[in-house]
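Worksheet: the structure to be examined is printed underneath.
The values are calculated or read from the model by the stated rules, or taken from the named source; none is laboratory data. Bear in mind the structure is a predicted one, so any value in this text is a computation, not a measurement. Quick reminder, even Gly has a Cβ in these numbers, built from the backbone with ideal geometry, and neighbours come from all protein chains shown. Surface areas here come from the heavy atoms of the whole protein model, side chains and all, with no ligands, DNA or RNA. Shrake-Rupley method; radii C 1.70, N 1.55, O 1.52, S 1.80 Å.
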Amino acid sequence: MTYRNDHLSSSRGRVGNRYYLMTPDTLVPNSLPGLPPYSAVVLAAPQGTPARFGEYLVTLTKGDGSSLPLGVGFENFIAVLYGEIFVTSSKGDMSWTLGGGDYLFLPEGNSFLIKASRAARLLWVKKRYSAVDGIDAPPVVEGRIAAVVGTEDDGIDGSWGQLLPDDIRFDFAMNIMRFKGGARFRMAEIHHQEHGLYMLEGGGIYHLDGDHVDVQANDFIYMAPYCTQAFTATGQGPSSYLLYKDVNRDGF
Ligand code: UGY
Ligand code: MN
């Protein structure tokens, strides 16, 4: 990581009761099993938070790769922020080349290996699948964020598009939320699901659990269940964020 903040008491990063905001200057890289040393930042994980998923920011130099299967025992989602990686699944002989803006969902039962064909940064989400008797497991999904068509929504004064199908087999969603400058939520949401939010572009003011925080591109926000939330996009240009949300299950 190359971000620096010389004003130690003035980072925008903060930890509230039902949320936290990690700004780039607050990120501390870690060595995780199977990944190159100090290539991963843990954005969200159950340790120390209510999170029931893991979200990781992984930065690879060209030629870097995994030395062990990743995501064993979990369902996994990868979105490439920039660069290019080659992914192989342990199940069958499936493989994918993912460039900036491409994503891949692998249902539980597929672990995977990655290799960076160019310097790359990715978001990796993993979760234990919440299986339900009578509901089949979800399929593999591959796509491009730019190709995800959004639905205009008055409630958020923007559009939201689903990277994964709106299908009861999936127990989480990855959504792209898009806003024009000045767009604002018409309601403050309170819901039982949690969020992992990665700001892709633009920025604004996020209302979180009674606080108003300044958010910008490359920030991460964790929102716990029942965190009051609303966004106002500021600035002239568009804003967008990639949003994890557990869905389609009753909270047990
Ligand atoms: O779908 C959602 O929960 C979404 N509107 N929340 C958010 O953007 N904070
Ligand atoms: Mn929400």
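Here are some conditions: (1) open to solvent by 30 Å² or more (accessible area, probe 1.4 Å); (2) more than 14 Å from ligand 2 (Cβ to nearest atom); (3) under 12 Å from the mean Cα position of the chain (by Cα). LYS245 meets all but one. Which one does it not meet?
Single failed check for LYS245: (2).
Yes or no: ASP246 out of contact with any helix residue (DSSP H, G or I) (no Cβ under 7 Å at 6 or more places or on another chain) and either within 12 Å of ligand 1 (Cβ to nearest atom) or farther than 18 Å from ALA45 by Cα (or both)?
Yes; evaluated as a whole, the condition is true for this residue.
In segment 156-180, which residues are open to solvent by 20 Å² or more (accessible area, probe 1.4 Å) and more than 23 Å from THR97 (Cα to Cα)?
Once the filter is applied, which keeps residues that are open to solvent by 20 Å² or more (accessible area, probe 1.4 Å) and more than 23 Å from THR97 (Cα to Cα), segment 156-180 yields ASP157, TRP160, ASP166, ASP167, ILE168, ARG169, ARG178, LYS180.
Could you run through segment 207-227 and say how many residues are open to solvent by less than 30 Å² (accessible area, probe 1.4 Å) and not charged (D, E, K, R)?
Residues flagged as open to solvent by less than 30 Å² (accessible area, probe 1.4 Å) and not charged (D, E, K, R) within segment 207-227 amount to 10.
For segment 105-121, does any single residue satisfy the condition of being part of a loop (DSSP other than H, G, I, E, B) and surrounded by fewer than 16 Cβ atoms within 10 Å (Cβ to Cβ)?
The answer is yes; a qualifying residue exists.
Output the number of the condition that VAL72 fails; it satisfies all remaining conditions of (1) part of a loop (DSSP other than H, G, I, E, B); (2) touching a Ser or Thr at 6+ places or on another chain (Cβ under 8 Å); (3) surrounded by 18 or more Cβ atoms within 10 Å (Cβ to Cβ).
(3)
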